[in-house]
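Written out below as structure tokens is the structure these notes cover.
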Amino acid sequence: MNPVSNQAYLEAARFISSRSKVSPKIALVLGSGLNPLADRLERVDSFQFTDIPHFPPTTVEGHVGRMVLGELEGVPVLVMQGRYHYYEGYSMQQVTFPVRVMKLLGVEVLVLTNAAGALNPDFRPGDLMLISDHINIPGMAGHNPLRGPNDESFGPRFPDMSHAYDPELRKLALEEAERQGLPVHQGVYVSVAGPSFETPAEVRFLRIIGGDAVGMSTAPETIVAVHSGMKVLGISGISNAAPDSSAKETTHEEVLEAGKVIAPRMLSLLGGALPKIARILGLEAG
Ligand code: HPA
């Protein structure tokens, strides 16, 4: 059963559009430690998640729980400072609620950022990884956000996921990262439910199945975005080596600390890539 009604998405979207003149075409979801990105916006309207109808409160340290609408380098954007995670106790429909609200607001491109542990031994904390594909472990085990009656007004019952992370957006981001000399990789993001970090045996398993980085978000939001026809760019900030038997313990503090190195790199990449994406897709303020 889908506990979220169509009416709820509409009420949240109406609340936002009646209070902001910004018509966002690109939305950004900021993961742990990446909040400073929103400080770069101009002509800002902001809402606490708790003020928006049907948005639950976030419970994670490092997630502000605010939606900011404004312009980044002349591009109208919607920024989520924080997101919902399955491990907080929300349903997958609640976790992905804001994505459908963005769709109703007219968003066409969704940029999902996250902090992730490296599975690939070539990755270092502070590196960026453009997500080329995902493995959604909870989804494959039945916790897919599209489970339940399909709302045809958003998309089809059986949506294709063969190009879930838009190749053109990824190419633009890669070119921009290389132009700026930022350390960047491409790879497969494995989404797990959390909140416990992986055991060394789980890390070995995730490497064997083809994962390059592991985190506790993003794949559900991607699925709901792609279902409704949005293009997705996913970027992981590598915060730690996933805990194999040779590594030291992994902590949330370490993840937030790495965010201090990742945030300026992510900011620089997005600041450079978003105007190009907007220009090529014709999404500038008009
Ligand atoms: N595992 C899962 N999620 C994460 C990690 C990790 O090592 N680092 C940041 N988010």
Keeping to the range 233-257, report how many residues are in contact with a helix residue (DSSP H, G or I) (Cβ under 6 Å, 6 or more places away or on another chain) and either charged (D, E, K, R) or part of a helix (DSSP H, G or I) (or both).
1
Of the residues Ser236, Ser228, only one is away from the ligand (no atom under 12 Å from the Cβ), polar (S, T, N, Q), modelled with pLDDT of 90 or more and buried (at least 18 other Cβ atoms within 10 Å of the Cβ); which?
Ser228
So, in the range 64-99, exactly how many residues are open to solvent by 20 Å² or more (accessible area, probe 1.4 Å) and under 14 Å from the mean Cα position of the chain (by Cα)?
1
If the Cβ limit is 7 Å and pairs must be 6+ apart or interchain, which residue in the range 211-228 that is in a loop (DSSP other than H, G, I, E, B) pairs with which residue that is of a type in the set (Lys, Arg) and surrounded by 24 or more Cβ atoms within 10 Å (Cβ to Cβ)?
Ser217/Arg83; Ser228/Arg100
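Report whether or not Lys260 is over 30 Å from Leu104 (Cβ atoms) and part of a helix (DSSP H, G or I).
Values: over 30 Å from Leu104 (Cβ atoms): yes; part of a helix (DSSP H, G or I): yes.
The answer is yes for Lys260.
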Counting only residues that are touching a strand residue (DSSP E or B) at 6+ places or on another chain (Cβ under 8 Å) and closer than 9 Å to Ile26 by Cα, the range 103-123 contains a total of 5
Kindly indicate which of Leu110, Leu130, Leu146 is in contact (Cβ under 8 Å) with a residue 12 or more places away in the chain, more than 15 Å from Val224 (Cα to Cα), more than 14 Å from the ligand (Cβ to nearest atom) and crowded, with 18+ Cβ neighbours inside 10 Å.
Leu130
Counting only residues that are closer than 16 Å to Ile131 by Cβ and either within 10 Å of the ligand (Cβ to nearest atom) or open to solvent by less than 10 Å² (accessible area, probe 1.4 Å) (or both), how many does the range 199-210 have?
1
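Name the single residue that is farthest from Gly271 (Cα to Cα) among those in the range 16-34 being within 16 Å of the ligand (Cβ to nearest atom) and either of a type in the set (Phe, Trp, Tyr) or out of contact with any Asp or Glu (no Cβ under 9 Å at 6 or more places or on another chain) (or both). Even if it seems obvious, please write down each step before you answer.
So the first thing to find is which residues in the range 16-34 are within 16 Å of the ligand (Cβ to nearest atom), and the list is 29-34.
Still in the list and also either of a type in the set (Phe, Trp, Tyr) or out of contact with any Asp or Glu (no Cβ under 9 Å at 6 or more places or on another chain) (or both): 30-31, 34.
Values: Leu30: 14, Gly31: 16, Leu34: 14 Å.
This residue is Gly31.
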(1) at pLDDT 90 or above; (2) touching a Gly at 6+ places or on another chain (Cβ under 9 Å); (3) over 22 Å from His252 (Cα atoms) all hold for Leu112 apart from (3)
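Run down Glu257, Glu249 and say which single residue is within 16 Å of the ligand (Cβ to nearest atom), under 20 Å from Val192 (Cβ atoms) and open to solvent by 40 Å² or more (accessible area, probe 1.4 Å). Break it down stepwise before answering.
Details: Glu257 fails: under 20 Å from Val192 (Cβ atoms).
Testing whether each residue is within 16 Å of the ligand (Cβ to nearest atom), under 20 Å from Val192 (Cβ atoms) and open to solvent by 40 Å² or more (accessible area, probe 1.4 Å) leaves just Glu249.
Condition check: of a type in the set (Ser, Thr, Tyr), in contact (Cβ under 8 Å) with a residue 60 or more places away in the chain and part of a strand (DSSP E or B). Does Tyr165 satisfy that?
On the way: of a type in the set (Ser, Thr, Tyr): yes; in contact (Cβ under 8 Å) with a residue 60 or more places away in the chain: yes; part of a strand (DSSP E or B): no.
No, not satisfied.
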Residue under evaluation Leu37, criteria (1) surrounded by fewer than 23 Cβ atoms within 10 Å (Cβ to Cβ); (2) farther than 20 Å from Ala258 by Cβ, criterion not met
(2)
Are any residues in the range 170-192 farther than 23 Å from Ile209 by Cβ and part of a helix (DSSP H, G or I), and if so, which ones?
Lys171, Leu172, Ala173, Leu174, Glu175, Glu176, Ala177, Glu178, Arg179, Gln180
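The values are calculated or read from the model by the stated rules, or taken from the named source; none is laboratory data. Everything numeric in this text was worked out from a predicted model, so none of it was measured. Here the Cβ is made from the backbone with ideal geometry for all residues, glycine too, and neighbour counts use every protein chain on show. In case anyone asks, the SASA skips ligands and DNA or RNA and just uses the protein heavy atoms, side chains included. Shrake-Rupley method; radii C 1.70, N 1.55, O 1.52, S 1.80 Å.
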